[in-house]
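Engineer: Below you'll find the structure I mean.
The values are calculated or read from the model by the stated rules, or taken from the named source; none is laboratory data. Since the structure is predicted, the reported quantities are computational estimates derived from the model, not experimental observations. Glycine gets a Cβ as well: all are built from the backbone with ideal geometry, and neighbour counts include every protein chain shown. Surface accessibility is based on the protein's heavy atoms, side chains included, excluding ligands, DNA and RNA. Shrake-Rupley method; radii C 1.70, N 1.55, O 1.52, S 1.80 Å.
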Amino acid sequence: MRNRMWITLALLLVVPAMLFSASCAKKAVAPTPKVEKKATTDEAAKKAEEEAARQRALEEQRLREARQAREEFVNEMIHFAFDSSALDATAQEILKKKAAYLQAHPDVRVIIEGHCDERGTVEYNLALGERRAQAAKTFLVNLGIDPNRLETISYGEERPLDPGHNEAAWAKNRRDQFVIK
Amino acid sequence: MKIRCRSAVFAAMMLLLVLAPGVSRAGYDYVDISNPFLRKIPIAVPQFKSFSGTPEEMKRARSSSQLLAETLAFTGYFKILDPASFLFDPQKDGIVAPRINFKNWTTVGAELLITGGLVQTAGLVEMELRLYDTFKEKLLLGKRYKGALADQRRIIRRFCSEVIYKLTGHRGIFGSKIAFVSTTSGNKEIYTCDFDGYRPHKFTNNRSINLTPMWSSDGKWIAYTSYAKGNPDLYIKNVREKRGTVVARKGINISPCWVPGRFELSATLSFTGDQEIYLLTGRGKIIKKLTNNRGIDVSASWSPDGKKMAFVSKRSGTPQIYIKDIVTGRVRRLTYEGKHNTQPNWSPKGDRIAYTAIADGEINIRVIGVDGNGLIQLTEGQGDNESPSWSPDGSLIVFSTNREGPSRLYVMTSYGTDQRRLLEMPGEQSEPNWSPNIEGP
């Protein structure tokens with residue numbers, strides 16, 4: 001019981017004392033402006049650095065996204081049925097994305113390459129490849145892309161992606177490929 | 001009479017004497033023209049006689065008779081009999097009529113016999129060659145040739161040409177060449193070789209993609225498509241001088257085919273935005289448009305008289321072969337069988353058209369009469385077969401096939417028999433085009 005009283009008393013004395021000393025310390029800091037100035041400079045520099053880092057990160061992300069968008073634009077091909085240059089629903093969706101990209105990047109110029117599978121004869125496939133490239137170009141022009149930004153070339157069956165001699169390889173090889181100039 | 005041969009240059013280097021005065025054409029046909037490959041003529045080509053008997057000359061006699069047998073076998077008309085069955089010693093037995101024991105030859109089944117003898121002196125070779133009918137015991141043809149050792153092959157081809165002329169009435173193929181595409185160097189370049197695959201020679205060397213070589217009807221020009229400048233352009237090149245023209249319009253400049261007897265060719269161009277076949281001068285200037293139809297028009301092939309043009313069009317929905325009459329302008333559809341018929345190649349006789357058909361998962365070569373009758377398929381169940389091109393006499397067809405895996409050039413008779421590989425070289429070979437007879441064999 002006695003002990004407890006002492007502890008309470010001690011707390012009553014010590015806590016205000018601590019409070020006092022705290023305010024005292026604050027006051028004591030005030031008349032040292034040099035130190036505070038330095039601290040402010042440090043903080044500003046730190047903030048600026050953080051901001052720069054944030055900007056860099058943003059820029060990096062922006063670039064990464066731009067690169068991804070560009071890669072997607074270049075890597076995403078449209079595919080065709082055997083002996084056909086008709087654009088199916090999937091091809092049209094991909095072309096719409098490509099049109100959006102081209103609208104967002106007015107400086108980008110594109111070569112559309114038309115390709116065929118190995119079946120059919122060399123000359124016929126050169127003609128068919130051109131029809132495939134032209135089909136994509138016409139679609140993009142109809143979505144408002146300046147035709148002067150779009151070139152076409154046919155490679156016929158000369159540049160297969162997959163050298164195989166089966167339906168899976170042929171399906172891959174019947175394509176339009178989009179190359180940024 | 002003696003002519004000295006100065007070099008292997010093939011102008012006037014052979015002395016040619018007719019040994020028997022004007023043997024008249026045989027009283028009956030040795031080769032059945034309606035189907036000459038139905039029955040092959042058994043022929044014996046025993047080893048030639050070496051007149052001096054020196055080892056080197058004996059060797060040349062042996063190689064000459066073998067080469068002659070191979071060259072004749074290439075035509076598809078003959079069954080070359082196995083020399084192992086012959087009762088014949090070239091150094092002892094006679095090679096000239098009165099001393100030939102024809103019974104020995106009819107016994108082994110030979111209906112025709114070719115004997116030869118040669119002398120080799122100071123870089124020159126002199127050969128005498130004779131063709132006999134063994135049943136009639138009669139000389140059909142006798143020739144003597146003299147030339148440089150390097151002319152051995154040319155001498156033998158010239159004699160073979162005489163044999164074929166004697167038996168069929170036409171000059172054969174021995175002065176013709178074949179142009180084709182090969183990936184030997186890692187890129188598709190154009191090559192040429194002799195009719196039998198001998199002496200392949202690189203014609204283009206630009207490390208891009210070169211396609212579909214086509215000979216002019218005088219054999220002096222080759223037109224082809226090349227990506228040398230990035231776009232598929234049409235190149236028209238003089239074979240000897242390597243000069244020429246490039247047709248490099250916007251779009252595709254492809255699928256050349258020469259008009260027989262003229263310095264004009266057709267090609268598919270798309271500079272207007274639509275693919276059409278145009279007639280061009282040999283200098284690449286447009287004369288006129290030959291087709292007028294939205295969509296694919298490609299792969300022209302001219303009739304021998306230059307009055308009609310077969311071509312591929314997708315106007316009916318699938319690629320089919322059509323014939324345009326250049327005089328009347330009328331177009332009619334030729335192929336109805338199948339959904340994918342391309343690459344027409346008009347026979348030199350004018351009556352038939354060979355083409356490539358895709359059907360039932362296979363690519364095969366077919367032949368159809370110009371009137372649309374008599375459709376036959378020449379290849380079947382042997383991989384994919386494409387790009388048929390007739391020999392100048394119409395007896396053979398060269399084509400490409402992947403039956404061995406990689407694409408190879410093969411030759412067959414125009415009836416589809418005797419399918420065999422034309423030449424061996426690294427890489428893949430495709431798109432053969434057979435020239436007319438360019439040089440005297």
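For (1) aliphatic (A, V, I, L, M); (2) within 11 Å of another protein chain (Cβ to nearest Cβ), each residue gets a yes or a no:
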| site | (1), (2) |
| --- | --- |
| B:Lys289 | no, no |
| B:Gly295 | no, yes |
| B:Trp302 | no, no |
| B:Lys307 | no, no |
| B:Ser313 | no, yes |
| B:Gln320 | no, no |
| B:Ile326 | yes, no |
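Engineer: Further question: When segment B:226-246 is examined, which residues are found to be on the phi < 0 side of the Ramachandran plot, without any contact (Cβ under 8 Å) to a residue 40 or more places away in the chain and within 14 Å of chain A (Cβ to nearest Cβ)?
Structural biologist: B:Ser226, B:Tyr227, B:Ala228, B:Lys229, B:Asn231, B:Pro232, B:Asp233, listed by residue number.
Engineer: Give segment A:123-181 a look and list any residue that's part of a loop (DSSP other than H, G, I, E, B) and in contact with an Asp or Glu (Cβ under 6 Å, 6 or more places away or on another chain), or say none. Spell out how you get there, then give the answer.
Structural biologist: Within segment A:123-181, the subset part of a loop (DSSP other than H, G, I, E, B) is A:143-146, A:157-166, A:174, A:181.
Selection gives A:Glu157, A:Arg174.
Every residue, every condition in (1) exposed (fewer than 13 other Cβ atoms within 10 Å of the Cβ); (2) aromatic (Phe, Trp, Tyr), yes or no:
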{"residue": "A:Phe73", "(1), (2)": "no, yes"}
{"residue": "A:Met77", "(1), (2)": "no, no"}
{"residue": "A:Phe80", "(1), (2)": "no, yes"}
{"residue": "A:Pro106", "(1), (2)": "yes, no"}
{"residue": "A:Val110", "(1), (2)": "no, no"}
{"residue": "A:Arg119", "(1), (2)": "no, no"}
{"residue": "A:Leu126", "(1), (2)": "no, no"}
{"residue": "A:Glu130", "(1), (2)": "no, no"}
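Engineer: Also: Of all residues in segment B:346-389 being away from chain A (no Cβ under 14 Å), of a type in the set (Gly, Ala, Ser) and over 18 Å from B:Ser407 (Cβ atoms), which is farthest from the chain's Cα centre (by Cα)? Give the derivation first.
Structural biologist: Within segment B:346-389, the first condition is being away from chain A (no Cβ under 14 Å), and the residues that meet it are B:346-353, B:367-382.
Subsequent filtering for residues that are of a type in the set (Gly, Ala, Ser) retains B:347, B:350, B:369, B:372, B:374, B:381.
Filter once more, so that each one left must be over 18 Å from B:Ser407 (Cβ atoms): B:347, B:350, B:369, B:372, B:374.
On the way: B:Ser347: 12, B:Gly350: 16, B:Gly369: 21, B:Gly372: 25, B:Gly374: 23 Å.
Of everything passing the filter in segment B:346-389, B:Gly372 is farthest from the chain's Cα centre (by Cα).
Engineer: Continuing with this model, one more query. Sort out which residues of segment B:206-225 are over 24 Å from the mean Cα position of the chain (by Cα) and either away from chain A (no Cβ under 11 Å) or not in a loop (DSSP other than H, G, I, E, B) (or both), and write them in order of number. Give the steps one after another, and end with the answer.
Structural biologist: Initial filter on segment B:206-225 (over 24 Å from the mean Cα position of the chain (by Cα)): B:206-209.
Residues satisfying the conditions are B:Asn206, B:Arg207.
Engineer: Can you name the condition, by its number, that B:Lys339 falls short on among (1) farther than 30 Å from B:Ser185 by Cβ; (2) within 12 Å of another protein chain (Cβ to nearest Cβ); (3) open to solvent by less than 30 Å² (accessible area, probe 1.4 Å); (4) not aliphatic (A, V, I, L, M)?
Structural biologist: It is condition (3) that B:Lys339 fails.
Engineer: Further question on the same structure: When you check B:Glu424 against the structure, is it among the charged types (D, E, K, R) and within 14 Å of chain A (Cβ to nearest Cβ), yes or no?
Structural biologist: Values: among the charged types (D, E, K, R): yes; within 14 Å of chain A (Cβ to nearest Cβ): no.
No; evaluated as a whole, the condition is false for this residue.
Engineer: Sticking with this one: Scan segment B:256-277 residue by residue and report those that are within 14 Å of chain A (Cβ to nearest Cβ), open to solvent by 10 Å² or more (accessible area, probe 1.4 Å) and outside any loop (DSSP other than H, G, I, E, B). Outline the logic, then answer.
Structural biologist: Step one: of segment B:256-277, the residues within 14 Å of chain A (Cβ to nearest Cβ) are B:256-257, B:265-277.
Still in the running and open to solvent by 10 Å² or more (accessible area, probe 1.4 Å): B:257, B:271-274.
Residue satisfying the conditions is B:Cys257 alone.
Engineer: Considering only segment B:390-421, how many residues are away from chain A (no Cβ under 14 Å) and either within 13 Å of the chain's Cα centre (by Cα) or open to solvent by less than 20 Å² (accessible area, probe 1.4 Å) (or both)?
Structural biologist: Taking segment B:390-421 as the starting set, the residues that turn out to be away from chain A (no Cβ under 14 Å) are B:390-398, B:408-421.
Now narrow it down to the ones that are either within 13 Å of the chain's Cα centre (by Cα) or open to solvent by less than 20 Å² (accessible area, probe 1.4 Å) (or both): B:390-398, B:409-414, B:416.
Number satisfying all stated conditions: 16.
Engineer: Give me the strands (runs of 3 or more DSSP E) completely within segment B:102-199, filtered to those with at least 2 residues that are touching a Pro at 6+ places or on another chain (Cβ under 6 Å) and surrounded by 18 or more Cβ atoms within 10 Å (Cβ to Cβ), ordered by residue number.
Structural biologist: The strands (runs of 3 or more DSSP E) meeting that bar are B:176-182, B:189-194.
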